[in-house]
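The values are calculated or read from the model by the stated rules, or taken from the named source; none is laboratory data. Given the structure is predicted, the values throughout are model-derived calculations rather than measurements. Every residue, glycine as well, gets a Cβ built from its backbone with ideal geometry; the counts of neighbours run over all protein chains shown.
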Amino acid sequence: MFYTCSPDCNNPLHDHQHKTARVRSAAASVAATTANSSRPVAKSRAGKSKVIDLHCHYLNPVVNAKVAHLNPMQYDATVVFATELSRQTNAAQMKTRAPKLTGVAERLKDMDRMGVDIQAVCPAPPQFFYWAEPDHGAELAREVNEGIAKIAANTPDRFVGMGSVPLQDAQLAIRELDYCVNKLGMRGIEICTNVNGKDLTDPALKLEKFFARCEELGVVLFMHPLGFSQADRLTLHYFNNVIGNPMDSTLAVSHLIFDGVMERYPKLKIIVSHGGGFIAHYWARMDHGWRAREDCRTVITKPPSSYLEKFYFDTITFDAEILKRLIDRFGADHVVLGTDYPFDMGEDDPLGLIAQVRRLPRASRDLIQGGNAARLLGLKL
């Protein structure tokens, strides 16, 4: 995932000029999320299983314009640790993808072409705004959330909303979480894999009560990286996305496991983007470390992979054999369809990728393509 351009960009599609337009709030009812894995696959009235994309993005152009004078790119690891060619490539990409990222009309056409019935729309990661002062970050999160809620309210048969919270302040994050769920009818929250370079379990962030509240509400947490935060060796070849994104997810999941968050809150529902990063495919090494070394057993009481099995993973693996191993290891009930729409590092044919998985039963395919997402998001279709 990447959204950036050069500091002197004057592309009108990027909407750098200040605007006075205000996004109106939209309210929708929140559905229960207590159904278990035996719940029937969501189907349309015609009996066709719904296809739900649980990894796609929207960038609010009004909010983008509001923060342009603050030069938010200086806080974006995927911009800081990148070559000029990578920056230019991403700026050129936006000439064609900006309407898809900031609008609805082209998005709906692409959804129809890809066979996606519903998108669970979440913010573009550059709009996490963790770098802002807490009160300002909370204000920006509120505008981003209300913009997404409006899209979902205007086209409820095609979109559901996923919000954002200011993780730089735990109390403000909990307040916005409650607002998203109880006022806007959001189905989940997207969080980054780090907060200004701090791990999600860093005591300085004081996020313990945030995780507790997420478990209490039964809300889905969709965890998405924005590059690797200390990426001096990942500057060339777009490595801070190609390697950095799955690496930051790997580190975040590892801390949530080894620092005991998943043990203390066993009912947390966390989706890890990009096929679970590297950890979902090399989990045995951490289990070996836990068995072999005392310093790997300072907090958790069970093998690390037993906590990893509580996570959910999207299908963005780009290879049917890798996806098959992910399904075989963690179960079809823990894999959800994702596209990373509308970015070039996304999966443009998610149904085609799933169809290539050898010997995948129809029931498992239906779960991955939409049943699991409907259950996690509490959708009644």
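The table that follows gives values for the structure above.
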| read-out | value |
| --- | --- |
| Filter result (within 15 Å of K302 (Cβ to Cβ) and outside any helix (DSSP H, G or I)) within segment 257-271 | D259, G260, Y265, P266 |
| Matching option when the condition is touching a residue at least 40 places away in the same chain (Cβ under 8 Å) and closer than 23 Å to L221 by Cα, among F278, F311 | F311 |
| Residues of segment 293-326 that turn out to be in a loop (DSSP other than H, G, I, E, B) and either out of contact with any strand residue (DSSP E or B) (no Cβ under 9 Å at 6 or more places or on another chain) or buried (at least 19 other Cβ atoms within 10 Å of the Cβ) (or both), as a count | 15 |
| Selected residue (only one of A132, A141, A153 is of a type in the set (A, V, I, L, M, F, W, C) and in contact with a Pro (Cβ under 6 Å, 6 or more places away or on another chain)) | A141 |
| Residue match in segment 351-371 (condition: more than 14 Å from the chain's Cα centre (by Cα), modelled with pLDDT under 95, of a type in the set (A, V, I, L, M) and not in a helix (DSSP H, G or I)) | no |
| Residue, nearest to the chain's Cα centre (by Cα), within segment 213-237, restricted to residues that are in a helix (DSSP H, G or I) and crowded, with 20+ Cβ neighbours inside 10 Å | C214 |
| Residues of segment 225-258 that turn out to be in contact with a strand residue (DSSP E or B) (Cβ under 8 Å, 6 or more places away or on another chain) and charged (D, E, K, R), as a count | 1 |
| Out of N182, N145, sole residue that is of a type in the set (S, T, N, Q), in contact with a strand residue (DSSP E or B) (Cβ under 6 Å, 6 or more places away or on another chain) and modelled with pLDDT of 95 or more | N145 |
| Hits in segment 280-292 (condition: aromatic (F, W, Y) and assigned to a helix (DSSP H, G or I)) | W290 |
| Filter result for E263 (within 29 Å of E216 (Cβ to Cβ) and either touching a helix residue (DSSP H, G or I) at 6+ places or on another chain (Cβ under 7 Å) or surrounded by fewer than 23 Cβ atoms within 10 Å (Cβ to Cβ) (or both)) | yes |
| Top-ranked residue in segment 330-347 [being in contact with a Ser or Thr (Cβ under 7 Å, 6 or more places away or on another chain) and in a loop (DSSP other than H, G, I, E, B); ranked as surrounded by the fewest Cβ atoms within 10 Å (Cβ to Cβ)] | G346 |
| Verdict on T96 being hydroxyl-bearing (S, T, Y), at pLDDT below 95 and either within 22 Å of P225 (Cβ to Cβ) or surrounded by fewer than 19 Cβ atoms within 10 Å (Cβ to Cβ) (or both) | yes |
| Test result for A173, aliphatic (A, V, I, L, M) and more than 15 Å from A138 (Cβ to Cβ) | no |
| Subset of segment 141-172 that is more than 20 Å from C214 (Cβ to Cβ) and among the basic types (K, R) - its residue that is surrounded by the fewest Cβ atoms within 10 Å (Cβ to Cβ) | R158 |
| Count - residues of segment 38-74 that are aromatic (F, W, Y) and at pLDDT below 95 | 0 |
| V80 being surrounded by fewer than 17 Cβ atoms within 10 Å (Cβ to Cβ) and touching a Gly at 6+ places or on another chain (Cβ under 9 Å) | yes |
| In segment 110-130, residue nearest to P99 (Cα to Cα) [restricted to those that are part of a loop (DSSP other than H, G, I, E, B) and out of contact with any Asp or Glu (no Cβ under 6 Å at 6 or more places or on another chain)] | A124 |
| Condition met for G185 (under 19 Å from the mean Cα position of the chain (by Cα), touching a residue at least 12 places away in the same chain (Cβ under 8 Å), surrounded by 17 or more Cβ atoms within 10 Å (Cβ to Cβ) and not in a loop (DSSP other than H, G, I, E, B)) | no |
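Here's the yes/no breakdown for (1) in a loop (DSSP other than H, G, I, E, B); (2) in contact with a strand residue (DSSP E or B) (Cβ under 7 Å, 6 or more places away or on another chain); (3) at pLDDT below 95:
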{"residue": "A132", "(1), (2), (3)": "yes, no, no"}
{"residue": "H136", "(1), (2), (3)": "no, no, no"}
{"residue": "A152", "(1), (2), (3)": "no, yes, no"}
{"residue": "D157", "(1), (2), (3)": "yes, no, no"}
{"residue": "A173", "(1), (2), (3)": "no, no, no"}
{"residue": "I189", "(1), (2), (3)": "no, yes, no"}
{"residue": "T201", "(1), (2), (3)": "yes, no, no"}
{"residue": "K209", "(1), (2), (3)": "no, no, no"}
